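Here the structure comes first, spelled out in structure tokens, and everything after it is commentary.
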Amino acid sequence: MRNFNFSAGPSMLPLEVLEKVRQGLTDYEGTGMSVMEMSHRSKPYQAINDEAEASLRELMNVPENYDIIFVQGGASMQFEAIPLNIHKSGKADYVVTGNFSGKAYKEAKKYGDMAEAASSADKNFTYIPRLNKSMFRPDADYVHICYNNTIFGTRYSEIPDTGNIPLAGDISSCILSQEIDVSKFGVLYAGAQKNVGPAGVTIVIVRKDLQDLANPICPTMMKWSTQIKEKSLYNTPPCFSTYVAMEVFRWLKKNGGVKWIQKINEEKAAMLYDFIDNSAFYSNSVEKPYRSLMNVPFVTPSEDLDKEFVAQAAKEGLLSLKGHRLVGGMRASIYNAMPVEGVKKLIEFMAKFEKANK
Ligand SMILES: Cc1ncc(COP(=O)(O)O)c(C=O)c1O
């Protein structure tokens with residue numbers, strides 16, 4: 001039996017993909033072995049690596065002047081890789097809209113003169129600050145944002161205009177969930193474990209003019225150009241995670257790509273927010289224009305009821321609904337692989353719980 005898993009990540013994968021992966025688990029396409037057991041220098045793996053790159057390029061409409069790499073270290077390693085790779089003046093500006101953008105800022109401070117250009121900490125990260133070019137230092141090497149804030153349930157409603165300053169974006173929790181204009185960014189990065197595949201592989205998309213600016217102290221393994229030159233095969237890559245990602249890309253492409261899934265994601269999010277907004281029992285404190293499509297935090301009138309909600313929901317196969325400790329309450333992460341049916345079942349349960357506890 002499959003449950004509906006609302007975890008913020010690792011999270012659900014499409015059942016169809018899991019079944020496909022299971023089919024090839026002991027014998028991948030007649031090779032007599034699993035992708036887990038296969039040399040990353042072998043022909044079948046080279047084909048997986050090439051297809052994953054080409055499919056992601058197609059799905060995200062990544063322009064020719066960008067390279068895509070599949071690396072290890074999680075999105076967290078990119079918090080440091082960014083200041084180490086884009087190093088001219090040694091200055092960069094950060095927009096702090098939650099936990100992960102705060103962490104990125106903190107890590108970057110080790111490597112240069114970093115400044116907080118704006119923050120939404122004053123209202124517990126329930127909105128995205130209004131940004132304009134004048135808020136950034138003209139000689140900053142880049143401006144860093146986190147496009148979707150997994151813990152606080154916010155997302156940018158538009159991509160900020162940074163003029164000539166390259167924009168670095170953490171898209172860990174929204175990659176492939178909505179159309180994103182890659183050409184507005186200098187670099188984009190995302191851990192896979194939400195919308196792409198199993199944990200272990202991290203996607204980095206880097207514009208060509210930012211590939212040769214690394215600080216000399218940048219470790220070889222963190223230098224984007226190391227992996228770009230070797231097409232993500234400088235050292236042993238996270239083969240199995242990349243393979244599953246390739247299957248997820250096939251699934252998306254077959255069904256109509258990002259446009260298709262974005263529409264479904266908008267429907268799922270609208271259903272859930274509408275229900276919350278029309279209830280006097282549940283609430284979500286995020287300002288409406290900045291509400292995330294992927295992560296929906298909400299509370300009941302009391303912490304005791306929140307606990308009860310999470311426990312009872314689990315008994316009905318609605319799992320991992322506990323909110324992050326920084327926010328409390330509940331959080332429903334409704335990534336690409338969460339079916340509409342899962343959101344409907346959650347709403348039905350919410351209505352039942354409200355009736356019983358009002
Ligand atoms: C927006 C965002 N950035 C970064 C991270 C950290 O990712 P990783 O665990 O891959 O280092 C997460 C993890 O949940 C996240 O949601």
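Can you find a residue that is part of a helix (DSSP H, G or I), touching a Lys or Arg at 6+ places or on another chain (Cβ under 9 Å) and away from the ligand (no atom under 16 Å from the Cβ) anywhere in the stretch 22-42?
Looking through the stretch 22-42, none of the residues is part of a helix (DSSP H, G or I), touching a Lys or Arg at 6+ places or on another chain (Cβ under 9 Å) and away from the ligand (no atom under 16 Å from the Cβ).
Yes/no per residue for (1) over 30 Å from ASN255 (Cα atoms); (2) among the acidic types (Asp, Glu); (3) modelled with pLDDT under 95; (4) not in a helix (DSSP H, G or I):
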site	(1), (2), (3), (4)
ARG57	no, no, no, no
GLU80	yes, yes, no, no
ASP93	yes, yes, no, yes
LYS106	yes, no, no, no
ILE128	yes, no, no, yes
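Within the stretch 119-139, track down each residue that is more than 16 Å from the ligand (Cβ to nearest atom) and under 15 Å from GLY169 (Cα atoms).
Scanning the stretch 119-139 gives a single hit, LEU131.
Any residue in the stretch 126-153 that's in contact (Cβ under 8 Å) with a residue 60 or more places away in the chain: show its pairings with residues that are within 16 Å of the ligand (Cβ to nearest atom) and charged (D, E, K, R) at Cβ separation under 6 Å, as long as the two are six or more apart or on different chains.
Listed by first residue and then by second, the contacts come to ASN148/ARG155.
Considering only the stretch 105-125, I want to know if a residue exists there that is among the hydrophobic types (A, V, I, L, M, F, W, C) and in contact (Cβ under 8 Å) with a residue 60 or more places away in the chain.
Quick first cut of the stretch 105-125, residues among the hydrophobic types (A, V, I, L, M, F, W, C) only: 108, 114-115, 117-118, 121, 125.
From the residues that got through so far, the ones that are in contact (Cβ under 8 Å) with a residue 60 or more places away in the chain too are none.
Checked against the condition, which is being among the hydrophobic types (A, V, I, L, M, F, W, C) and in contact (Cβ under 8 Å) with a residue 60 or more places away in the chain, the stretch 105-125 yields no hits at all.
One line per residue, one yes/no per condition, for (1) open to solvent by 20 Å² or more (accessible area, probe 1.4 Å); (2) among the aliphatic types (A, V, I, L, M); (3) on the phi < 0 side of the Ramachandran plot:
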position	(1), (2), (3)
LYS88	yes, no, yes
THR97	no, no, yes
SER101	no, no, yes
TYR105	yes, no, yes
LYS109	yes, no, yes
ALA115	yes, yes, yes
ALA121	yes, yes, yes
THR126	yes, no, yes
LEU131	yes, yes, yes
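Only residues that are farther than 14 Å from ASN5 by Cβ and acidic (Asp, Glu): list them for the stretch 305-358, please.
Within the stretch 305-358, ASP306, GLU308, GLU348, GLU354 qualify.
With the structure loaded, tell me whether GLU116 is away from the ligand (no atom under 16 Å from the Cβ) and part of a loop (DSSP other than H, G, I, E, B) or whether it fails that test.
No; evaluated as a whole, the condition is false for this residue.
Would you mind telling me which numbered condition in (1) part of a strand (DSSP E or B); (2) within 16 Å of the ligand (Cβ to nearest atom); (3) hydrophobic (A, V, I, L, M, F, W, C) ILE68 fails?
(2)
Within the bounds of the stretch 155-174, is there any residue that is closer than 24 Å to ASP209 by Cβ, in contact with a His (Cβ under 6 Å, 6 or more places away or on another chain) and buried (at least 24 other Cβ atoms within 10 Å of the Cβ)?
Within the stretch 155-174, one or more residues are closer than 24 Å to ASP209 by Cβ, in contact with a His (Cβ under 6 Å, 6 or more places away or on another chain) and buried (at least 24 other Cβ atoms within 10 Å of the Cβ).
With respect to GLN178, determine if the residue is surrounded by fewer than 24 Cβ atoms within 10 Å (Cβ to Cβ), modelled with pLDDT of 95 or more and within 13 Å of the chain's Cα centre (by Cα). Walk me through how you get there before you give the answer.
Values: surrounded by fewer than 24 Cβ atoms within 10 Å (Cβ to Cβ): yes; modelled with pLDDT of 95 or more: yes; within 13 Å of the chain's Cα centre (by Cα): yes.
In short, yes.
Within 16 Å of the ligand (Cβ to nearest atom), within 18 Å of the chain's Cα centre (by Cα) and in a helix (DSSP H, G or I): is that true of ILE145 in this structure?
no
Residues are listed down the side, and each one gets a yes or a no for (1) open to solvent by 50 Å² or more (accessible area, probe 1.4 Å); (2) of a type in the set (Gly, Ala, Ser):
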site	(1), (2)
PRO297	no, no
GLN312	yes, no
LEU321	no, no
VAL327	yes, no
ALA332	no, yes
LYS344	yes, no
MET350	no, no
LYS358	yes, no
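The values are calculated or read from the model by the stated rules, or taken from the named source; none is laboratory data. Because the structure is predicted, anything quoted here is derived from the model rather than measured. We place every Cβ from the backbone using ideal geometry, glycine too, and count neighbours over all the protein chains shown. Heavy atoms of the whole protein, side chains included, go into the accessibility calculation; ligands, DNA and RNA do not. Shrake-Rupley method; radii C 1.70, N 1.55, O 1.52, S 1.80 Å.
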